[in-house]
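First the structure, in the form of structure tokens, and then the observations on it.
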Amino acid sequence: MKTTIAVFFGGRSTEHEISVISANQAMAAIPADKYDVIPVYITKDGHWFTGDALRDVRNFRDTRKLLEQCTEVYMRPVFGDYNIYRAKKKMFGSDIVATADLAIPVLHGSNGEDGIFEGVLETIGIPYAGCDTLASANGMDKITMKQILQSEGIPVVDYCWFTDKQWDSDRDKQIHNVESRLGYPVIVKPANLGSSVGIGRAANREELIERVEDAQRYSTRIIVEHMVEHLQEINCSVLGDCDEYITSVLEEPIKSGDFLTYEDKYMGGTKGTKGMQASEKRFPADLPDAETKRIQELAGETFRVLSCHGVSRVDMIVDRDDRAIYVNEINTIPGSLSFYLWEGSGIPFAELMERLVRLALKRKREASAKTVSYDQNIFSLGAFSGTKGSKGTK
Ligand SMILES: Nc1ncnc2c1ncn2[C@@H]1O[C@H](COP(=O)(O)OP(=O)(O)O)[C@@H](O)[C@H]1O
Ligand SMILES: [Mg+2]
């Protein structure tokens with residue numbers, strides 16, 4: 001019997017399209033002799049669809065036409081029910097379209113990479129690849145992530161943060177904070193997006209205000225960071241779980257301006273349209289051995305202290321002026337699942353997918369061995385005669 005893998009992608013995220021590309025690459029890499037793949041595409045408004053047509057990225061040029069060839073589906077938030085149900089009930093016969101054994105979320109950004117979708121999978125109890133809700137949420141929020149890394153002694157750039165309401169109610173205080181603690185130039189980011197959306201540089205107070213107002217459109221939490229002006233960006237992928245992991249060769253993405261933009265990342269500067277492989281990078285990155293080793297160590301440590309799982313990519317900033325290395329961010333569901341970094345490290349894409357499956361099953365086995373409830377019904381003990389006595393018992 002083959003294992004059936006449901007691959008989830010798309011989603012309510014600014015990185016919806018990137019996820020479609022990543023998932024199509026991943027589905028093509030899953031060895032067909034061992035696994036059956038069920039694509040589950042989540043539309044931008046949160047509806048789930050399945051169908052073979054979802055396995056060809058070219059069909060996404062016309063999503064209306066594509067969805068006409070697909071079946072709308074859902075899963076029930078019931079522990080142990082791995083069935084995928086037809087949304088529009090049939091007159092006769094079963095409404096079960098398929099039954100999955102395992103899930104691989106290939107969702108980038110909000111509602112996918114941030115733990116929200118992982119919570120759905122946890123509720124169902126299906127084994128799944130990648131970070132759990134806690135690690136995903138911690139990794140997604142640029143503020144929380146930096147706080148954790150900092151407390152574990154992992155170097156991050158200096159930063160300040162505030163909520164949109166704090167900014168609106170006492171803007172001068174926040175500006176003073178930024179100016180006294182960081183000085184200009186700074187980088188302003190919404191805390192929980194990806195793909196450089198809403199990110200900008202500010203060289204003075206006027207620009208800071210403009211940038212924060214822009215970032216506020218995307219998030220309630222804003223982070224302002226010291227800008228490393230002469231930076232070299234280096235990425236490293238990590239694969240495994242927090243007890244046992246390996247790190248990949250390094251890549252150096254190339255930017256066309258001040259910082260890596262959406263266009264740099266996915267379109268090869270502003271010209272190409274070929275998707276992620278087209279983005280410009282130096283690979284493997286050309287660095288002295290000692291720096292390579294240090295970056296791999298920091299990437300592994302980041303993965304470990306955030307309790308990550310599966311495949312992540314840790315992005316570093318190296319200051320060209322003094323060669324200081326900072327962890328910039330972790331992507332817990334990286335673009336293209338970082339397969340090219342693993343290929344460069346001697347692990348083919350198919351093997352990467354198999355390792356993700358094995359890791360998912362291992363975590364499920366380990367979770368099943370933990371006690372989640374006491375096999376004792378306190379109500380049967382006669383301890384409670386009503387609800388009055390239970391005040392403050394938790
Ligand atoms: N502190 C910083 N100093 C200089 N450049 C930065 C800094 N932080 C981010 N950048 C630039 O902005 C880009 C996007 O920022 P990042 O934090 O990686 O957000 P995203 O999650 O959108 O990828 C980075 O790839 C880098 O080019
Ligand atoms: Mg980034």
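The values are calculated or read from the model by the stated rules, or taken from the named source; none is laboratory data. Worth saying up front: this structure is predicted, and the values here are computed from it rather than measured. Note that we place each Cβ from the backbone using ideal geometry, even for glycine, and neighbour counts take in every protein chain shown.
Details
Every residue, every condition in (1) of a type outside the set (Phe, Trp, Tyr); (2) under 28 Å from Gly335 (Cα atoms); (3) within 14 Å of ligand 2 (Cβ to nearest atom), yes or no:
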residue: Trp167; (1), (2), (3): no, no, no
residue: Asp170; (1), (2), (3): yes, no, no
residue: Asn177; (1), (2), (3): yes, no, no
residue: Arg181; (1), (2), (3): yes, no, no
residue: Tyr184; (1), (2), (3): no, no, no
residue: Ile187; (1), (2), (3): yes, yes, yes
residue: Pro190; (1), (2), (3): yes, yes, yes
residue: Leu193; (1), (2), (3): yes, yes, yes
residue: Val197; (1), (2), (3): yes, yes, yes
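- Residue, farthest from ligand 2 (Cβ to nearest atom), within the stretch 308-335, restricted to residues that are of a type in the set (Gly, Ala, Ser) and surrounded by 23 or more Cβ atoms within 10 Å (Cβ to Cβ): Gly310
- When the stretch 1-38 is limited to residues that are among the charged types (D, E, K, R) and under 13 Å from Val106 (Cβ atoms), the one that is modelled with the lowest pLDDT turns out to be Glu15.
- Long-range neighbours under 9 Å by Cβ, at least six apart or interchain, first residue away from ligand 1 (no atom under 15 Å from the Cβ) and at pLDDT 95 or above within the stretch 194-221, second assigned to a loop (DSSP other than H, G, I, E, B) and of a type in the set (Ser, Thr, Tyr): Asn204/Tyr184; Arg205/Tyr184
- Residue check, Glu297 in the same structural domain as Pro253 (by TED's automatic domain parsing), surrounded by 15 or more Cβ atoms within 10 Å (Cβ to Cβ) and either farther than 28 Å from Tyr128 by Cβ or more than 16 Å from ligand 2 (Cβ to nearest atom) (or both): no
- Residue, farthest from Ile126 (Cα to Cα), within the stretch 1-24, restricted to residues that are surrounded by fewer than 21 Cβ atoms within 10 Å (Cβ to Cβ) and among the polar types (S, T, N, Q): Thr14
- Residue among Ile325, Ile330 that is within 11 Å of ligand 1 (Cβ to nearest atom), of a type outside the set (Asp, Glu), over 13 Å from Glu251 (Cβ atoms) and in contact (Cβ under 8 Å) with a residue 12 or more places away in the chain: Ile330
- Here Ile234 fits the description: crowded, with 18+ Cβ neighbours inside 10 Å, within 27 Å of Val305 (Cβ to Cβ), in contact with a Leu (Cβ under 8 Å, 6 or more places away or on another chain) and of a type outside the set (S, T, N, Q).
This table checks each residue for (1) touching a residue at least 12 places away in the same chain (Cβ under 8 Å); (2) polar (S, T, N, Q).
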position	(1), (2)
Arg55	yes, no
Lys88	yes, no
Phe92	no, no
Ile96	yes, no
Thr99	yes, yes
Ile104	yes, no
His108	yes, no
Tyr128	yes, no
Thr133	yes, yes
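- Total residues in the stretch 109-139, condition closer than 18 Å to Arg76 by Cα and modelled with pLDDT under 95: 2
- Against the list (1) more than 12 Å from Leu239 (Cβ to Cβ); (2) within 16 Å of ligand 2 (Cβ to nearest atom), the condition Leu341 fails is (1).
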